[in-house]
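Data block below; observations after.
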Amino acid sequence: MTQEPASVRIDTSKPHPARMYDWFLGGKDNYPVDEAMARQLLTVDARGRDMARVNRAFMHRAIRWLSAHGVRQYLDVGTGIPTEPNLHQIAQEAAPESRIVYCDNDPIVLAHAAALLRSTPEGATEYIQADAREPEVILERAGKVLDFDQPIALSMLALLHFVGDEDGAYELVSKIVDKLAPGSYLVLSHVTGDFDPEGAAKAAAMYKARGLTLRPRSRDELAAFFDGLEFVEPGVSLTAEWHPELGEPVQVQGDDPIPGWAAVARKP
(Lines give C-alpha, C1' and ligand atoms only; values in the text may rest on other atoms or scores of the structure.)
Protein backbone atom coordinates (compact mmCIF):
# COMPACT_ATOMS: atom_id res chain seq x y z
CA MET A 1 0.00 0.00 0.00
CA THR A 2 2.93 2.35 0.56
CA GLN A 3 4.42 4.03 -2.48
CA GLU A 4 7.92 3.30 -3.66
CA PRO A 5 10.60 5.57 -2.11
CA ALA A 6 11.54 6.75 -5.60
CA SER A 7 8.20 8.56 -5.79
CA VAL A 8 8.94 10.68 -2.72
CA ARG A 9 9.32 14.37 -3.56
CA ILE A 10 9.48 16.68 -0.58
CA ASP A 11 8.47 20.29 -1.16
CA THR A 12 10.72 22.49 0.96
CA SER A 13 9.48 25.75 -0.55
CA LYS A 14 6.76 26.20 2.06
CA PRO A 15 6.20 24.87 5.58
CA HIS A 16 4.18 21.72 6.23
CA PRO A 17 2.20 21.12 9.44
CA ALA A 18 3.63 17.61 9.94
CA ARG A 19 7.20 18.92 9.78
CA MET A 20 6.42 21.90 12.02
CA TYR A 21 4.88 19.52 14.54
CA ASP A 22 8.09 17.49 14.36
CA TRP A 23 10.12 20.63 15.11
CA PHE A 24 7.91 21.49 18.10
CA LEU A 25 8.51 17.96 19.44
CA GLY A 26 12.28 18.36 19.07
CA GLY A 27 12.59 16.19 15.96
CA LYS A 28 15.09 16.47 13.10
CA ASP A 29 12.81 15.76 10.15
CA ASN A 30 12.05 19.35 9.25
CA TYR A 31 13.52 22.11 7.12
CA PRO A 32 14.47 25.76 7.67
CA VAL A 33 11.14 26.90 6.23
CA ASP A 34 9.32 24.78 8.84
CA GLU A 35 11.46 26.04 11.70
CA ALA A 36 11.02 29.66 10.59
CA MET A 37 7.23 29.31 10.57
CA ALA A 38 7.22 27.48 13.91
CA ARG A 39 9.35 30.18 15.52
CA GLN A 40 7.03 32.85 14.16
CA LEU A 41 4.07 31.05 15.75
CA LEU A 42 5.93 31.10 19.06
CA THR A 43 5.72 34.89 18.96
CA VAL A 44 1.93 34.49 19.15
CA ASP A 45 1.96 31.81 21.86
CA ALA A 46 5.29 30.79 23.38
CA ARG A 47 3.80 27.42 24.36
CA GLY A 48 3.87 25.88 20.88
CA ARG A 49 6.09 23.04 22.06
CA ASP A 50 3.77 22.45 25.02
CA MET A 51 0.78 22.24 22.68
CA ALA A 52 2.47 19.52 20.63
CA ARG A 53 3.48 17.55 23.70
CA VAL A 54 0.01 17.82 25.26
CA ASN A 55 -1.59 16.60 22.04
CA ARG A 56 0.84 13.68 21.83
CA ALA A 57 0.07 12.71 25.41
CA PHE A 58 -3.66 12.79 24.68
CA MET A 59 -3.12 10.30 21.85
CA HIS A 60 -1.37 7.92 24.24
CA ARG A 61 -4.17 8.16 26.81
CA ALA A 62 -6.95 7.79 24.25
CA ILE A 63 -5.41 4.67 22.72
CA ARG A 64 -4.94 3.14 26.17
CA TRP A 65 -8.61 3.81 26.93
CA LEU A 66 -9.75 2.37 23.61
CA SER A 67 -7.58 -0.72 24.01
CA ALA A 68 -8.99 -1.31 27.47
CA HIS A 69 -12.49 -1.13 25.97
CA GLY A 70 -11.85 -3.77 23.34
CA VAL A 71 -10.85 -1.77 20.26
CA ARG A 72 -8.47 -3.76 18.05
CA GLN A 73 -8.55 -1.74 14.81
CA TYR A 74 -7.37 1.83 14.24
CA LEU A 75 -7.44 4.22 11.29
CA ASP A 76 -5.16 7.18 12.03
CA VAL A 77 -5.55 10.03 9.53
CA GLY A 78 -2.96 12.80 9.71
CA THR A 79 -0.33 10.55 11.21
CA GLY A 80 2.63 12.89 11.13
CA ILE A 81 6.30 11.99 11.32
CA PRO A 82 6.89 8.94 13.56
CA THR A 83 7.67 9.80 17.17
CA GLU A 84 7.94 6.91 19.61
CA PRO A 85 5.90 5.58 21.18
CA ASN A 86 3.58 5.72 18.21
CA LEU A 87 -0.08 4.75 18.08
CA HIS A 88 0.57 1.18 16.98
CA GLN A 89 3.09 0.67 19.77
CA ILE A 90 0.59 1.79 22.41
CA ALA A 91 -2.22 -0.32 20.90
CA GLN A 92 -0.16 -3.45 20.34
CA GLU A 93 1.45 -3.28 23.75
CA ALA A 94 -2.06 -3.64 25.19
CA ALA A 95 -3.33 -6.06 22.53
CA PRO A 96 -0.69 -7.52 20.17
CA GLU A 97 -3.35 -8.52 17.62
CA SER A 98 -4.33 -4.89 16.96
CA ARG A 99 -4.39 -3.71 13.35
CA ILE A 100 -3.46 -0.14 12.46
CA VAL A 101 -3.61 1.85 9.23
CA TYR A 102 -1.82 5.19 9.15
CA CYS A 103 -2.55 7.92 6.60
CA ASP A 104 -0.80 11.20 5.78
CA ASN A 105 -0.19 13.42 2.76
CA ASP A 106 3.35 14.65 3.49
CA PRO A 107 5.96 12.71 1.48
CA ILE A 108 8.41 12.97 4.38
CA VAL A 109 6.06 10.74 6.39
CA LEU A 110 6.19 8.23 3.53
CA ALA A 111 9.98 8.38 3.71
CA HIS A 112 9.69 7.21 7.32
CA ALA A 113 6.93 4.69 6.70
CA ALA A 114 9.14 1.75 7.71
CA ALA A 115 9.07 3.03 11.29
CA LEU A 116 5.26 2.95 11.13
CA LEU A 117 5.17 -0.65 9.92
CA ARG A 118 6.97 -2.42 12.77
CA SER A 119 4.01 -4.49 13.78
CA THR A 120 3.79 -7.36 16.22
CA PRO A 121 3.57 -10.75 14.46
CA GLU A 122 -0.02 -11.11 15.69
CA GLY A 123 -1.19 -7.74 14.38
CA ALA A 124 -0.66 -5.54 11.33
CA THR A 125 0.32 -2.00 10.45
CA GLU A 126 0.10 -0.31 7.06
CA TYR A 127 0.62 3.18 5.69
CA ILE A 128 -1.50 5.06 3.11
CA GLN A 129 -0.16 8.10 1.27
CA ALA A 130 -3.35 10.14 0.80
CA ASP A 131 -4.94 13.45 1.67
CA ALA A 132 -7.57 13.66 4.41
CA ARG A 133 -9.81 15.40 1.87
CA GLU A 134 -9.94 12.14 -0.10
CA PRO A 135 -12.09 9.97 2.21
CA GLU A 136 -13.08 7.59 -0.58
CA VAL A 137 -9.41 6.83 -1.32
CA ILE A 138 -8.67 6.33 2.37
CA LEU A 139 -11.62 3.98 2.83
CA GLU A 140 -10.78 1.90 -0.23
CA ARG A 141 -7.14 1.42 0.74
CA ALA A 142 -7.76 0.97 4.46
CA GLY A 143 -10.29 -1.74 3.65
CA LYS A 144 -7.43 -3.96 2.48
CA VAL A 145 -6.14 -4.16 6.07
CA LEU A 146 -9.08 -3.31 8.32
CA ASP A 147 -12.42 -5.11 8.59
CA PHE A 148 -15.09 -2.43 8.32
CA ASP A 149 -17.71 -4.89 9.56
CA GLN A 150 -15.98 -4.74 12.96
CA PRO A 151 -15.39 -1.69 15.22
CA ILE A 152 -12.62 0.71 14.22
CA ALA A 153 -11.28 3.74 16.05
CA LEU A 154 -10.89 6.66 13.64
CA SER A 155 -8.36 9.16 14.97
CA MET A 156 -7.78 12.61 13.51
CA LEU A 157 -5.46 14.27 15.98
CA ALA A 158 -4.46 17.91 15.52
CA LEU A 159 -5.57 17.56 11.90
CA LEU A 160 -8.93 19.17 11.25
CA HIS A 161 -7.81 22.70 12.11
CA PHE A 162 -5.81 22.45 8.86
CA VAL A 163 -9.00 21.76 6.88
CA GLY A 164 -11.28 24.73 6.25
CA ASP A 165 -15.06 24.63 6.20
CA GLU A 166 -14.89 25.35 2.47
CA ASP A 167 -12.86 22.14 2.02
CA GLY A 168 -15.60 20.08 3.65
CA ALA A 169 -14.08 19.34 7.04
CA TYR A 170 -17.35 18.10 8.51
CA GLU A 171 -18.28 16.14 5.40
CA LEU A 172 -14.98 14.25 5.20
CA VAL A 173 -15.33 13.11 8.82
CA SER A 174 -18.93 12.00 8.34
CA LYS A 175 -18.10 10.11 5.14
CA ILE A 176 -15.62 7.92 7.02
CA VAL A 177 -17.72 7.60 10.18
CA ASP A 178 -20.71 6.53 8.07
CA LYS A 179 -18.71 3.51 6.86
CA LEU A 180 -17.68 2.42 10.36
CA ALA A 181 -19.46 -0.43 12.13
CA PRO A 182 -21.51 0.18 15.27
CA GLY A 183 -19.24 0.18 18.30
CA SER A 184 -16.58 2.18 16.45
CA TYR A 185 -15.09 5.38 17.88
CA LEU A 186 -14.11 8.84 16.66
CA VAL A 187 -11.10 10.48 18.37
CA LEU A 188 -10.38 14.17 17.73
CA SER A 189 -8.13 16.89 19.07
CA HIS A 190 -8.30 20.43 17.76
CA VAL A 191 -6.78 23.89 18.23
CA THR A 192 -9.19 26.53 19.52
CA GLY A 193 -9.35 30.30 19.68
CA ASP A 194 -11.78 30.23 22.60
CA PHE A 195 -9.18 31.52 25.06
CA ASP A 196 -7.30 33.98 22.84
CA PRO A 197 -9.31 34.96 19.74
CA GLU A 198 -6.84 37.67 18.75
CA GLY A 199 -3.86 35.31 18.92
CA ALA A 200 -5.72 32.64 16.96
CA ALA A 201 -6.55 35.17 14.26
CA LYS A 202 -2.89 36.20 14.01
CA ALA A 203 -1.80 32.58 13.68
CA ALA A 204 -4.42 31.94 10.99
CA ALA A 205 -3.16 34.98 9.08
CA MET A 206 0.41 33.65 9.24
CA TYR A 207 -0.75 30.38 7.70
CA LYS A 208 -2.79 32.13 5.03
CA ALA A 209 0.22 34.25 4.03
CA ARG A 210 2.03 31.00 3.20
CA GLY A 211 -0.83 29.45 1.28
CA LEU A 212 -1.86 27.24 4.20
CA THR A 213 -5.06 26.86 6.20
CA LEU A 214 -5.47 27.20 9.95
CA ARG A 215 -9.08 27.08 11.14
CA PRO A 216 -9.29 27.15 14.94
CA ARG A 217 -12.71 25.97 16.11
CA SER A 218 -14.74 26.58 19.22
CA ARG A 219 -15.80 23.93 21.69
CA ASP A 220 -19.25 23.78 20.08
CA GLU A 221 -17.74 23.58 16.59
CA LEU A 222 -15.62 20.62 17.64
CA ALA A 223 -18.64 18.95 19.25
CA ALA A 224 -20.45 19.21 15.90
CA PHE A 225 -18.02 16.69 14.37
CA PHE A 226 -19.51 14.10 16.73
CA ASP A 227 -23.12 14.55 15.63
CA GLY A 228 -25.00 11.27 16.17
CA LEU A 229 -22.25 9.73 18.31
CA GLU A 230 -22.18 9.05 22.05
CA PHE A 231 -19.47 10.91 23.96
CA VAL A 232 -17.15 9.04 26.28
CA GLU A 233 -16.97 10.88 29.58
CA PRO A 234 -16.05 13.71 30.08
CA GLY A 235 -17.21 14.66 26.59
CA VAL A 236 -15.40 17.59 24.97
CA SER A 237 -12.66 18.66 27.36
CA LEU A 238 -9.38 20.51 27.31
CA THR A 239 -6.87 18.23 25.62
CA ALA A 240 -4.74 18.07 28.76
CA GLU A 241 -7.72 17.15 30.96
CA TRP A 242 -9.08 14.12 29.09
CA HIS A 243 -8.56 11.12 31.44
CA PRO A 244 -5.26 12.36 32.89
CA GLU A 245 -5.04 9.23 35.03
CA LEU A 246 -4.10 7.23 31.92
CA GLY A 247 -0.75 8.93 31.39
CA GLU A 248 2.03 10.96 32.90
CA PRO A 249 1.22 14.69 33.24
CA VAL A 250 2.86 17.10 30.81
CA GLN A 251 4.54 20.06 32.46
CA VAL A 252 3.66 23.29 30.64
CA GLN A 253 4.51 26.95 30.94
CA GLY A 254 2.20 29.14 32.99
CA ASP A 255 -1.24 28.49 34.41
CA ASP A 256 -3.42 29.31 31.40
CA PRO A 257 -5.11 26.42 29.55
CA ILE A 258 -3.36 24.96 26.52
CA PRO A 259 -5.79 26.11 23.79
CA GLY A 260 -7.09 22.81 22.48
CA TRP A 261 -10.20 20.65 22.77
CA ALA A 262 -10.38 16.87 22.55
CA ALA A 263 -13.01 14.16 22.72
CA VAL A 264 -13.75 10.50 22.07
CA ALA A 265 -17.20 9.26 21.06
CA ARG A 266 -18.79 5.92 20.20
CA LYS A 267 -20.93 5.11 17.20
CA PRO A 268 -24.11 3.45 18.48
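The values are calculated or read from the model by the stated rules, or taken from the named source; none is laboratory data. It should be emphasised that the depicted structure is a prediction, and the values quoted were computed from it without experimental measurement. Methodologically, a virtual Cβ is constructed for each residue, glycine included, from the backbone with ideal geometry; neighbour enumeration extends over all protein chains shown. Surface accessibility is based on the protein's heavy atoms, side chains included, excluding ligands, DNA and RNA. Shrake-Rupley method; radii C 1.70, N 1.55, O 1.52, S 1.80 Å.
Quick rundown of the values:
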| item | result |
| --- | --- |
| Segment 76-98, residues that are out of contact with any Ser or Thr (no Cβ under 6 Å at 6 or more places or on another chain) and not hydrophobic (A, V, I, L, M, F, W, C) | GLY78, THR79, GLY80, PRO82, THR83, GLU84, PRO85, ASN86, GLN89, GLU93, GLU97, SER98 |
| Qualifying residue in segment 155-175 (condition: under 22 Å from GLU84 (Cα atoms), surrounded by 21 or more Cβ atoms within 10 Å (Cβ to Cβ), among the polar types (S, T, N, Q) and in contact with a Phe, Trp or Tyr (Cβ under 6 Å, 6 or more places away or on another chain)) | no |
| Segment 42-57, residues that are assigned to a helix (DSSP H, G or I) and without any contact (Cβ under 8 Å) to a residue 24 or more places away in the chain | LEU42 |
| Pick from segment 202-256, criterion more than 30 Å from PRO151 (Cβ to Cβ) and of a type in the set (Gly, Ala, Ser), ranking: most open to solvent (accessible area, probe 1.4 Å) | ALA209 |
| Segment 25-37: number of residues that are within 22 Å of ASP131 (Cβ to Cβ) and either hydrophobic (A, V, I, L, M, F, W, C) or in contact with a strand residue (DSSP E or B) (Cβ under 9 Å, 6 or more places away or on another chain) (or both) | 2 |
| Pick from segment 82-119, criterion assigned to a loop (DSSP other than H, G, I, E, B), open to solvent by less than 60 Å² (accessible area, probe 1.4 Å) and modelled with pLDDT of 90 or more, ranking: nearest to ALA142 (Cα to Cα) | SER98 |
| Cβ-Cβ under 8 Å pairs, at least 6 apart or on other chains, segment 117-142 side small (Gly, Ala, Ser), far side open to solvent by 30 Å² or more (accessible area, probe 1.4 Å) and modelled with pLDDT under 95 | ALA130/ASN105; ALA132/ASN105 |
| Qualifying residue in segment 254-267 (condition: of a type in the set (Lys, Arg), touching a helix residue (DSSP H, G or I) at 6+ places or on another chain (Cβ under 9 Å) and within 30 Å of LYS14 (Cβ to Cβ)) | no |
| Filtered residues of segment 183-201 (kept if open to solvent by less than 20 Å² (accessible area, probe 1.4 Å), in a loop (DSSP other than H, G, I, E, B) and not hydroxyl-bearing (Ser, Thr, Tyr)) | GLY183, GLY193 |
| Number of the exception - LYS14 against (1) free of Cβ contacts under 8 Å to residues at least 24 places away in the same chain; (2) open to solvent by 50 Å² or more (accessible area, probe 1.4 Å) | (1) |
| Residue count for segment 17-41, restricted to those that are open to solvent by 20 Å² or more (accessible area, probe 1.4 Å), in a helix (DSSP H, G or I) and not polar (S, T, N, Q) | 10 |
| Criterion: acidic (Asp, Glu) and either modelled with pLDDT under 95 or within 23 Å of ARG64 (Cα to Cα) (or both) - qualifying residue of GLU171, GLU198, GLU241 | GLU241 |
| Per-region count, segment 128-146, residues modelled with pLDDT of 95 or more and open to solvent by less than 60 Å² (accessible area, probe 1.4 Å) | 8 |
